[in-house]
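Right, one structure below, let's go through it.
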């Protein structure tokens, strides 16, 4: 899974990128930066402790920090379009902090206006793409009708992903490279002096646009991410942050894309895997390895809390907590699976 971080210049999107990647990836200005964001998971930690796992592996999200989009510079929009062709969703960072050392590029602090400006820039970019593709004389009729439908949406200054178009049509548009066909999450980037009224105003704006919305202090999160993992929880509690930004954003992205986690656990490792909601045991096996899916016999399934409570797979079997499921079993959030297979 890959998400792109977008925003106007000096919105703090690169700071958020540093927070998500724990400051492990050098950030180059005006370039596309990419790195992995590991998603801490207390279930994996608890399983590893209960089963004495030698290794802990969290789910990860590949995050791509796009160059800031300057409405006065069309090249910046072109760079963003190039970088978003492979992403599944967008994190749209909106500035809500004052900083004399980093002046706002438009000379004022107005998060709602900033979000609108960038959305319109993306709409215009997609309009240009639609117009260019429609000029082709060898365009299949089905594609022509789809592009005309998308063009109608864009001309009304709406993002494609929040229109009445069907999901199959959206998938085709995403494959063509339309940036507004990718779902978005607004992230309001604040500091400790942010006015509550500003947050409320933006919250209403996000809700009116049916857009997921999070409030994040990216600078503070980046500072906490640079600490030793043992010290982070104390700082999160000191600043009243229930969960770090990477966890909150991961959950929002999962919800946005219809994803969930399943778990594997044993002496070798405890691990979280990402899969779509509604996926079967057969699909989950394939996520781990194609050979497991090819030779699938059955899946042993137990709830993660039950497995921790009894202390291991042997104890879970003895307590009658393990279910034997076939290929068509639909995975539930928090399932721990062990696959029996033969190749």
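Answer yes if at least one residue in segment 168-179 is surrounded by 14 or more Cβ atoms within 10 Å (Cβ to Cβ) and touching a strand residue (DSSP E or B) at 6+ places or on another chain (Cβ under 8 Å), and no otherwise. First the steps, then the outcome.
Here is the first cut: in segment 168-179, the ones surrounded by 14 or more Cβ atoms within 10 Å (Cβ to Cβ) are 169-170, 172-174, 176-179.
Next, from what is left, pick out any that are touching a strand residue (DSSP E or B) at 6+ places or on another chain (Cβ under 8 Å): 179.
Yes; the residues of segment 168-179 include at least one that is surrounded by 14 or more Cβ atoms within 10 Å (Cβ to Cβ) and touching a strand residue (DSSP E or B) at 6+ places or on another chain (Cβ under 8 Å).
Identify the residue in segment 216-241 that is touching a strand residue (DSSP E or B) at 6+ places or on another chain (Cβ under 9 Å) and in contact (Cβ under 8 Å) with a residue 60 or more places away in the chain and, among all such residues, is farthest from residue 255 (Cα to Cα).
Looking at the filtered set, the residue picked out is 219.
Quick one: would you say residue 22 is out of contact with any helix residue (DSSP H, G or I) (no Cβ under 9 Å at 6 or more places or on another chain), over 28 Å from residue 176 (Cα atoms) and outside any helix (DSSP H, G or I)? Spell out the reasoning first.
Working: out of contact with any helix residue (DSSP H, G or I) (no Cβ under 9 Å at 6 or more places or on another chain): no; over 28 Å from residue 176 (Cα atoms): yes; outside any helix (DSSP H, G or I): yes.
So residue 22 does not fit the description; no.
Taking the condition closer than 30 Å to residue 195 by Cα, in a helix (DSSP H, G or I) and out of contact with any helix residue (DSSP H, G or I) (no Cβ under 6 Å at 6 or more places or on another chain), does residue 117 pass?
On the way: closer than 30 Å to residue 195 by Cα: yes; in a helix (DSSP H, G or I): yes; out of contact with any helix residue (DSSP H, G or I) (no Cβ under 6 Å at 6 or more places or on another chain): yes.
It is true that residue 117 is closer than 30 Å to residue 195 by Cα, in a helix (DSSP H, G or I) and out of contact with any helix residue (DSSP H, G or I) (no Cβ under 6 Å at 6 or more places or on another chain).
From the list 114, 191, which residue is surrounded by 12 or more Cβ atoms within 10 Å (Cβ to Cβ) and over 26 Å from residue 2 (Cα atoms)? Don't jump to the end; show me each part of the working.
Working: 114 fails: over 26 Å from residue 2 (Cα atoms).
Being surrounded by 12 or more Cβ atoms within 10 Å (Cβ to Cβ) and over 26 Å from residue 2 (Cα atoms) holds for just one of 114, 191, which is 191.
Would you check which residues across segment 180-191 are in a loop (DSSP other than H, G, I, E, B) and either farther than 30 Å from residue 102 by Cα or in contact with a strand residue (DSSP E or B) (Cβ under 6 Å, 6 or more places away or on another chain) (or both) and list them? It would help to see each step written out before you state the result.
First, pick out the residues of segment 180-191 that are in a loop (DSSP other than H, G, I, E, B): 182-183, 191.
Selection gives 182, 183.
Inspect segment 238-260 for any residue being crowded, with 19+ Cβ neighbours inside 10 Å, touching a helix residue (DSSP H, G or I) at 6+ places or on another chain (Cβ under 9 Å) and closer than 17 Å to residue 47 by Cα and give the result as yes or no.
no
Quick one: is residue 287 assigned to a strand (DSSP E or B), modelled with pLDDT of 95 or more and not assigned by TED's automatic domain parsing to the domain that holds residue 42? Give the derivation first.
Values: assigned to a strand (DSSP E or B): no; modelled with pLDDT of 95 or more: yes; not assigned by TED's automatic domain parsing to the domain that holds residue 42: yes.
No: the conditions fail for residue 287.
Just one of the numbered conditions (1) surrounded by fewer than 16 Cβ atoms within 10 Å (Cβ to Cβ); (2) within 30 Å of residue 265 (Cβ to Cβ) is not true of residue 62; which one?
All conditions are met except number (1).
Would it be correct to say that residue 158 is under 25 Å from residue 21 (Cβ atoms) and not in a helix (DSSP H, G or I)? Let's see the steps before the verdict.
Working: under 25 Å from residue 21 (Cβ atoms): no; not in a helix (DSSP H, G or I): yes.
No.
Which of (1) within 29 Å of the chain's Cα centre (by Cα); (2) surrounded by 13 or more Cβ atoms within 10 Å (Cβ to Cβ); (3) modelled with pLDDT of 95 or more does residue 309 not meet, given it meets every other one?
(1)
Given the structure, is residue 324 in a strand (DSSP E or B) and closer than 14 Å to residue 265 by Cα? Talk me through it step by step, then tell me what you get.
Numbers: in a strand (DSSP E or B): yes; closer than 14 Å to residue 265 by Cα: no.
So residue 324 does not fit the description; no.
The values are calculated or read from the model by the stated rules, or taken from the named source; none is laboratory data. Nothing here was measured: the structure is a model prediction, and the numbers come from that model. All Cβ positions, even for glycine, are placed from backbone atoms using ideal geometry, and neighbour counts span all protein chains on display.
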